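The values are calculated or read from the model by the stated rules, or taken from the named source; none is laboratory data. Just so you know, these numbers come straight off a predicted model, no measurement behind them. A quick note on method: Cβ atoms are made from the backbone with ideal geometry, for glycine too, and the neighbour counts reach across all protein chains shown. Note: areas computed on protein heavy atoms with side chains; ligands, DNA, RNA excluded. Shrake-Rupley method; radii C 1.70, N 1.55, O 1.52, S 1.80 Å.
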Amino acid sequence: MVAPTAIKKVSSTADSAPVAATASRIVGINNTESIEEDDDDDVLLDQDMDTTTAEATTNDEDETTQQKKESKGVVLDEAGKPRFSSANHAKGAKVKLESRKVAVPPHRMTPLRNNWTKIYPPLVDHLKLQVRMNLKTKSVELRTHPKYTTDPGALQKGADFIKAFTLGFDLDDSIALLRLDDLYIETFEIKDVKTLTGDHLGRAIGRIAGKDGKTKFAIENATRTRIVLADSKIHILGGFTHIRMAREAVVSLILGSPPGKVYGNLRTVASRLKERY
């Protein structure tokens with residue numbers, strides 16, 4: 001039987017071991033206790049077994065705690081895959097207080113005043129934005145409200161809606177930007193396609209518009225887009241593929257193709273769209 005002083009000596013040595021400042025990088029093994037070769041014979045077998053059992057229990061508790069931390073907040077379905085809630089309905093998701101200012105050209109101020117009673121209701125009722133028309137700076141100011149605004153993209157949608165109206169699109173066509181997500185506006189100039197000046201530029205614009213706007217309306221109806229001719233700038237509103245079709249027709253007219261050939265291409269495009277939809 002080992003003397004009681006030996007056991008006392010081992011316990012006092014364990015108590016006097018310095019405590020590590022940081023956790024060991026070797027997981028599952030207590031690597032913080034100091035080992036002395038002189039006292040190996042004084043350690044009891046029972047004490048070794050107790051120590052091994054305590055370490056195994058500690059490892060099991062650590063693994064269980066780690067599994068709980070990993071699975072906390074994650075819901076698994078029948079197949080074992082994690083299932084997350086929708087980002088729009090996430091708890092605590094709030095829209096930040098942001099503001100946006102859209103400049104209004106001088107020639108669009110009068111239409112903006114006349115249609116203001118139809119412009120602000122979709123922004124206030126549908127997007128839950130705060131909006132005002134600033135006559136001093138000739139701009140429309142939009143602002144989100146953390147208490148009422150729920151859509152993070154509401155401010156951008158409202159700015160696109162006002163911008164479309166200031167570019168010259170009709171009010172109903174501009175409101176479509178709020179209702180549909182796959183509508184875009186593409187803007188380019190005639191000089192981006194071909195460098196034209198003087199009468200040549202005027203004839204190119206005339207070819208795009210046609211007599212009484214007949215050519216422009218034909219392109220719009222065939223490609224299901226809306227086109228605005230603002231001097232040498234061309235604005236096209238529609239879906240991605242529809243904008244590409246309308247742009248090809250306009251570019252052909254700018255490069256000098258006769259309207260009859262463009263009409264033939266539009267018939268082919270219109271028949272393809274009917275087959276697709």
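Points to keep in mind about this one:
- Residues (basic (Lys, Arg) and either out of contact with any helix residue (DSSP H, G or I) (no Cβ under 9 Å at 6 or more places or on another chain) or surrounded by 16 or more Cβ atoms within 10 Å (Cβ to Cβ) (or both)) located in the range 121-145: Lys128, Lys136, Arg143
- Near pairs, Cβ below 7 angstrom, 6+ apart or cross-chain, from the range 182-211 (of a type in the set (Phe, Trp, Tyr)) to any residue that is crowded, with 17+ Cβ neighbours inside 10 Å: Tyr184/Ile243; Phe188/Ile234
- Count of residues meeting criterion [surrounded by 12 or more Cβ atoms within 10 Å (Cβ to Cβ) and not in a strand (DSSP E or B)] in the range 98-112: 7
- Some residue of the range 198-205 being in contact with a strand residue (DSSP E or B) (Cβ under 6 Å, 6 or more places away or on another chain) and either closer than 30 Å to Ala103 by Cα or open to solvent by 30 Å² or more (accessible area, probe 1.4 Å) (or both): no
- Restricting attention to the range 146-169, the residues being part of a helix (DSSP H, G or I), open to solvent by less than 50 Å² (accessible area, probe 1.4 Å), over 17 Å from Gly238 (Cα atoms) and among the polar types (S, T, N, Q) number 0.
- Flag if Lys118 is modelled with pLDDT of 90 or more and open to solvent by 40 Å² or more (accessible area, probe 1.4 Å): yes
- Verdict on Arg226 being within 21 Å of Thr166 (Cα to Cα), of a type in the set (Lys, Arg) and open to solvent by 30 Å² or more (accessible area, probe 1.4 Å): yes
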